[in-house]
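In what follows, a single structure is set out as structure tokens and then discussed.
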Amino acid sequence: MIQDVCFDSMTNRVSKFVLHSNLPGHYDFGIYARCNFSIRVGDEPLTLTPTSKRESFIDRFTEGTDMATQQVVLSRNEKRSRSDAENPFGSTVCYGTNQVIVEVMSNGLIASVTLF
């Protein structure tokens, strides 16, 4: 599976898509196949792909705002059972704007994109 599709059970409509880059260094690496997405952002020529670096798009998510108010740290250290290992990859940071959330790994690459 290269994406998650979430449905609203009341309206029977898609509520969001989660596109996974499946890059090494992410907690979910190897669980998903890579989704080779290409998303055009805004009026200026900017396209998000699995290999886009944080520096190439961060200003779209922080324009006119304090960057600290826009980012959310996502920590995946929860163990589901005793046999689960700790997350060796650390936290990721999520940046959001109009109906798009981009999860970025510590190396600056995109881990996932959520479209609402």
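Take the residues of region 14-51 that are part of a loop (DSSP other than H, G, I, E, B), within 19 Å of residue 99 (Cα to Cα) and of a type in the set (Ser, Thr, Tyr): which is nearest to the chain's Cα centre (by Cα)?
21
Could you please find all residues in region 18-33 being of a type outside the set (A, V, I, L, M) and surrounded by 13 or more Cβ atoms within 10 Å (Cβ to Cβ)?
Hits for region 18-33 are 20, 21, 22, 25, 26, 27, 28, 29, 32.
None of the figures in this text is laboratory data; all of them are computed from the coordinates on show. Note that the coordinates shown come from a computational prediction; the quantities given were computed from them, not determined experimentally. Every residue, glycine as well, gets a Cβ built from its backbone with ideal geometry; the counts of neighbours run over all protein chains shown.
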